[in-house]
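K.L.:
Have a look at the structure that comes next, please.
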Amino acid sequence: MTIDTEDLINSIIESLNRIHHIKLEDIPNIDLYMDQVTTFMESRLRNSTRNPGEDKILTKTMINNYAKNDLLPPPVKKKYSKEHLILLIFIYYYKGILSINDIQILLKPLTEKYFQTNGDLNLGTIYEEVFSLEKAEVEDLKEDILKKFSTSKETFKDAPEEDREILQLFSFISMLSYDVYVKRLLIEKMVDGFKTATTSEANTGKSDGKSSK
(Lines give C-alpha, C1' and ligand atoms only; values in the text may rest on other atoms or scores of the structure.)
Protein backbone atom coordinates (compact mmCIF):
# COMPACT_ATOMS: atom_id res chain seq x y z
CA MET A 1 0.00 0.00 0.00
CA THR A 2 1.42 3.38 -1.04
CA ILE A 3 0.21 6.58 0.60
CA ASP A 4 1.53 9.97 -0.44
CA THR A 5 1.75 11.27 3.12
CA GLU A 6 3.34 14.56 2.07
CA ASP A 7 0.43 15.17 -0.28
CA LEU A 8 -1.95 14.19 2.51
CA ILE A 9 -0.53 16.69 5.00
CA ASN A 10 -0.48 19.43 2.36
CA SER A 11 -4.13 18.70 1.65
CA ILE A 12 -4.95 18.95 5.36
CA ILE A 13 -3.15 22.29 5.71
CA GLU A 14 -4.82 23.59 2.58
CA SER A 15 -8.23 22.57 3.92
CA LEU A 16 -7.53 24.65 7.04
CA ASN A 17 -6.85 27.64 4.79
CA ARG A 18 -10.34 27.21 3.33
CA ILE A 19 -12.08 27.29 6.71
CA HIS A 20 -13.67 30.67 7.23
CA HIS A 21 -16.49 31.65 9.52
CA ILE A 22 -19.51 33.55 8.27
CA LYS A 23 -18.79 37.23 8.81
CA LEU A 24 -21.35 39.14 10.85
CA GLU A 25 -21.92 41.62 8.03
CA ASP A 26 -22.74 38.74 5.67
CA ILE A 27 -25.60 37.51 7.85
CA PRO A 28 -28.85 39.02 6.51
CA ASN A 29 -30.32 41.86 8.54
CA ILE A 30 -33.81 40.97 7.37
CA ASP A 31 -35.94 38.20 8.86
CA LEU A 32 -36.02 34.98 6.87
CA TYR A 33 -38.45 32.13 6.42
CA MET A 34 -37.17 28.65 7.24
CA ASP A 35 -36.41 27.72 3.61
CA GLN A 36 -34.33 30.87 3.29
CA VAL A 37 -32.48 30.05 6.52
CA THR A 38 -31.52 26.54 5.36
CA THR A 39 -30.49 27.86 1.93
CA PHE A 40 -28.27 30.51 3.51
CA MET A 41 -26.59 28.05 5.87
CA GLU A 42 -26.07 25.51 3.08
CA SER A 43 -24.45 28.10 0.82
CA ARG A 44 -22.10 29.41 3.51
CA LEU A 45 -21.03 26.22 5.29
CA ARG A 46 -21.08 23.65 2.49
CA ASN A 47 -17.28 23.57 2.12
CA SER A 48 -16.79 22.70 5.80
CA THR A 49 -18.44 19.28 5.45
CA ARG A 50 -16.70 15.96 4.93
CA ASN A 51 -18.78 15.16 1.84
CA PRO A 52 -19.90 18.53 0.38
CA GLY A 53 -22.15 16.89 -2.20
CA GLU A 54 -24.03 14.75 0.32
CA ASP A 55 -23.88 16.05 3.90
CA LYS A 56 -26.71 18.18 5.21
CA ILE A 57 -25.81 21.40 7.01
CA LEU A 58 -29.24 22.22 8.36
CA THR A 59 -32.75 20.88 7.81
CA LYS A 60 -36.21 21.98 8.87
CA THR A 61 -36.34 19.03 11.26
CA MET A 62 -33.07 20.11 12.89
CA ILE A 63 -34.34 23.67 13.38
CA ASN A 64 -37.59 22.42 14.89
CA ASN A 65 -35.68 20.11 17.23
CA TYR A 66 -33.42 22.95 18.35
CA ALA A 67 -36.48 25.00 19.21
CA LYS A 68 -38.06 22.07 21.10
CA ASN A 69 -34.84 21.64 23.10
CA ASP A 70 -34.70 25.35 23.99
CA LEU A 71 -31.58 25.94 21.94
CA LEU A 72 -33.36 28.43 19.74
CA PRO A 73 -36.10 30.97 20.56
CA PRO A 74 -39.25 30.47 18.48
CA PRO A 75 -39.56 32.41 15.22
CA VAL A 76 -41.82 35.44 15.02
CA LYS A 77 -44.57 34.92 12.47
CA LYS A 78 -42.56 32.00 11.02
CA LYS A 79 -39.56 34.27 10.41
CA TYR A 80 -36.05 33.98 11.83
CA SER A 81 -33.95 37.01 12.73
CA LYS A 82 -30.22 37.67 12.39
CA GLU A 83 -29.86 36.60 16.03
CA HIS A 84 -31.51 33.26 15.21
CA LEU A 85 -28.91 32.72 12.48
CA ILE A 86 -26.06 33.55 14.86
CA LEU A 87 -27.32 30.93 17.31
CA LEU A 88 -27.69 28.38 14.51
CA ILE A 89 -24.06 28.97 13.47
CA PHE A 90 -22.90 28.40 17.06
CA ILE A 91 -25.02 25.22 17.23
CA TYR A 92 -23.53 23.98 13.95
CA TYR A 93 -19.98 24.20 15.29
CA TYR A 94 -20.78 22.81 18.73
CA LYS A 95 -22.93 19.85 17.71
CA GLY A 96 -19.96 17.86 16.40
CA ILE A 97 -18.40 17.63 19.85
CA LEU A 98 -21.08 18.43 22.43
CA SER A 99 -24.43 16.95 23.40
CA ILE A 100 -27.65 18.91 22.90
CA ASN A 101 -27.83 19.33 26.67
CA ASP A 102 -24.32 20.82 26.83
CA ILE A 103 -25.08 23.20 23.96
CA GLN A 104 -28.23 24.29 25.77
CA ILE A 105 -26.18 25.01 28.91
CA LEU A 106 -23.79 27.19 26.90
CA LEU A 107 -26.33 29.09 24.84
CA LYS A 108 -29.20 29.60 27.28
CA PRO A 109 -27.54 32.37 29.36
CA LEU A 110 -26.52 34.18 26.16
CA THR A 111 -29.99 33.88 24.70
CA GLU A 112 -31.67 35.08 27.88
CA LYS A 113 -29.40 38.11 28.26
CA TYR A 114 -28.44 39.15 24.76
CA PHE A 115 -31.04 37.88 22.26
CA GLN A 116 -32.36 40.88 20.32
CA THR A 117 -30.97 43.45 22.75
CA ASN A 118 -29.95 46.94 21.64
CA GLY A 119 -27.00 47.51 23.99
CA ASP A 120 -23.32 47.54 23.04
CA LEU A 121 -23.08 43.92 24.16
CA ASN A 122 -25.41 41.69 22.14
CA LEU A 123 -25.27 38.42 20.22
CA GLY A 124 -23.69 40.18 17.26
CA THR A 125 -20.81 41.66 19.23
CA ILE A 126 -20.30 38.36 21.09
CA TYR A 127 -20.19 36.52 17.74
CA GLU A 128 -17.62 38.94 16.33
CA GLU A 129 -15.42 38.76 19.43
CA VAL A 130 -15.39 34.95 19.50
CA PHE A 131 -14.66 34.51 15.80
CA SER A 132 -12.01 37.23 15.77
CA LEU A 133 -9.78 34.55 17.32
CA GLU A 134 -10.11 32.32 14.25
CA LYS A 135 -7.04 33.37 12.27
CA ALA A 136 -4.58 32.96 15.14
CA GLU A 137 -6.19 29.66 16.13
CA VAL A 138 -5.88 28.26 12.60
CA GLU A 139 -2.18 29.16 12.49
CA ASP A 140 -1.62 27.42 15.85
CA LEU A 141 -3.48 24.37 14.55
CA LYS A 142 -1.30 24.20 11.45
CA GLU A 143 1.84 24.30 13.59
CA ASP A 144 0.50 21.62 15.93
CA ILE A 145 -0.57 19.35 13.06
CA LEU A 146 2.82 19.63 11.36
CA LYS A 147 4.55 18.83 14.66
CA LYS A 148 2.40 15.73 15.19
CA PHE A 149 2.98 14.65 11.61
CA SER A 150 6.74 14.99 12.05
CA THR A 151 6.58 12.96 15.27
CA SER A 152 4.54 10.21 13.58
CA LYS A 153 7.21 9.86 10.89
CA GLU A 154 9.66 8.87 13.62
CA THR A 155 7.54 5.93 14.79
CA PHE A 156 7.83 2.29 13.66
CA LYS A 157 11.30 2.82 12.19
CA ASP A 158 12.04 -0.88 12.73
CA ALA A 159 8.80 -2.13 11.14
CA PRO A 160 8.98 -3.92 7.77
CA GLU A 161 9.16 -1.37 4.98
CA GLU A 162 5.89 -2.54 3.46
CA ASP A 163 4.09 -1.92 6.78
CA ARG A 164 5.89 1.20 7.98
CA GLU A 165 3.86 3.75 6.00
CA ILE A 166 0.44 2.59 7.17
CA LEU A 167 1.64 2.25 10.77
CA GLN A 168 3.03 5.78 10.72
CA LEU A 169 -0.26 7.07 9.35
CA PHE A 170 -2.05 5.20 12.13
CA SER A 171 0.27 6.93 14.64
CA PHE A 172 -0.59 10.32 13.17
CA ILE A 173 -4.33 9.65 13.32
CA SER A 174 -4.00 8.33 16.88
CA MET A 175 -2.18 11.47 18.07
CA LEU A 176 -4.80 13.71 16.51
CA SER A 177 -7.57 11.58 18.00
CA TYR A 178 -6.05 11.66 21.47
CA ASP A 179 -5.76 15.43 21.21
CA VAL A 180 -9.46 15.68 20.35
CA TYR A 181 -10.37 13.23 23.14
CA VAL A 182 -8.50 15.24 25.80
CA LYS A 183 -9.89 18.56 24.57
CA ARG A 184 -13.41 17.16 24.58
CA LEU A 185 -12.99 16.06 28.20
CA LEU A 186 -11.71 19.53 29.03
CA ILE A 187 -14.63 21.20 27.25
CA GLU A 188 -17.14 19.01 29.07
CA LYS A 189 -15.56 19.93 32.42
CA MET A 190 -15.66 23.60 31.42
CA VAL A 191 -19.33 23.30 30.45
CA ASP A 192 -20.06 21.83 33.89
CA GLY A 193 -18.29 24.81 35.44
CA PHE A 194 -20.17 27.17 33.13
CA LYS A 195 -23.45 25.62 34.28
CA THR A 196 -22.53 26.05 37.94
CA ALA A 197 -21.46 29.66 37.41
CA THR A 198 -24.54 30.68 35.47
CA THR A 199 -26.89 28.87 37.87
CA SER A 200 -25.28 30.62 40.84
CA GLU A 201 -25.59 33.96 39.06
CA ALA A 202 -29.24 33.33 38.29
CA ASN A 203 -29.97 32.36 41.90
CA THR A 204 -28.16 35.45 43.17
CA GLY A 205 -30.25 37.59 40.89
CA LYS A 206 -33.44 36.03 42.23
CA SER A 207 -32.31 36.56 45.81
CA ASP A 208 -31.50 40.19 45.09
CA GLY A 209 -34.88 40.61 43.51
CA LYS A 210 -36.66 39.18 46.53
CA SER A 211 -34.70 41.28 49.00
CA SER A 212 -35.55 44.47 47.17
CA LYS A 213 -39.30 43.95 47.50
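The values are calculated or read from the model by the stated rules, or taken from the named source; none is laboratory data. A quick note: this is a predicted structure, and the numbers were derived from the prediction, not measured. Heads up, the Cβs are rebuilt from the backbone with ideal geometry, glycines too, and the neighbour counts pull from every protein chain shown. Areas reflect the complete protein model, heavy atoms only, side chains present, ligands, DNA and RNA absent. Shrake-Rupley method; radii C 1.70, N 1.55, O 1.52, S 1.80 Å.
K.L.:
Under 8 Å between Cβ atoms, at least 6 apart or on separate chains: pull out the pairs that start in the stretch 142-164 with a residue that is more than 23 Å from residue 16 (Cβ to Cβ) and among the β-branched types (Val, Ile, Thr) and end on any residue that is part of a helix (DSSP H, G or I) and at pLDDT 90 or above.
P.N.:
If the second residue must be part of a helix (DSSP H, G or I) and at pLDDT 90 or above, the pairs left are 155/167; 155/168; 155/171.
Condition check ((1) open to solvent by less than 50 Å² (accessible area, probe 1.4 Å); (2) in contact with a His (Cβ under 6 Å, 6 or more places away or on another chain); (3) without any contact (Cβ under 8 Å) to a residue 24 or more places away in the chain) across all residues:
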residue	(1), (2), (3)
39	no, no, yes
44	no, no, yes
48	no, no, no
56	no, no, yes
63	yes, no, no
69	no, no, no
85	yes, no, no
89	yes, no, no
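K.L.:
Tell me, which residue of the stretch 189-213 that is modelled with pLDDT of 85 or more and of a type in the set (A, V, I, L, M) is most open to solvent (accessible area, probe 1.4 Å)? So that I can check it myself, show each step before the final result.
P.N.:
Taking the stretch 189-213 as the starting set, the residues that turn out to be modelled with pLDDT of 85 or more are 189-198.
From the residues that got through so far, the ones that are of a type in the set (A, V, I, L, M) too are 190-191, 197.
On the way: 190: 127, 191: 4, 197: 58 Å².
The qualifying residue most open to solvent (accessible area, probe 1.4 Å) is 190.
K.L.:
Next question, about the same structure. May I ask you to verify whether residue 107 is part of a helix (DSSP H, G or I), surrounded by 12 or more Cβ atoms within 10 Å (Cβ to Cβ) and without any contact (Cβ under 8 Å) to a residue 60 or more places away in the chain? Write out each step before concluding.
P.N.:
Values: part of a helix (DSSP H, G or I): yes; surrounded by 12 or more Cβ atoms within 10 Å (Cβ to Cβ): yes; without any contact (Cβ under 8 Å) to a residue 60 or more places away in the chain: yes.
In short, yes.
K.L.:
Read through the list (1) at pLDDT below 90; (2) open to solvent by 50 Å² or more (accessible area, probe 1.4 Å); (3) part of a loop (DSSP other than H, G, I, E, B), then give the number of the only condition that residue 119 fails.
P.N.:
So the condition that residue 119 fails would be (2).
K.L.:
Going by what's in this entry, would residue 47 be described as among the polar types (S, T, N, Q) and either within 17 Å of the chain's Cα centre (by Cα) or at pLDDT below 90 (or both)? Working first, answer last.
P.N.:
Values: among the polar types (S, T, N, Q): yes; either within 17 Å of the chain's Cα centre (by Cα) or at pLDDT below 90 (or both): yes.
Against the criterion (among the polar types (S, T, N, Q) and either within 17 Å of the chain's Cα centre (by Cα) or at pLDDT below 90 (or both)), residue 47 qualifies.
K.L.:
What's the number of the condition residue 160 fails, among (1) loosely packed, with under 11 Cβ neighbours inside 10 Å; (2) at pLDDT 90 or above; (3) under 22 Å from residue 71 (Cα atoms)?
P.N.:
(3)
K.L.:
Of the residues 130, 76, which is within 21 Å of residue 188 (Cβ to Cβ), of a type in the set (A, V, I, L, M) and surrounded by fewer than 16 Cβ atoms within 10 Å (Cβ to Cβ)?
P.N.:
130
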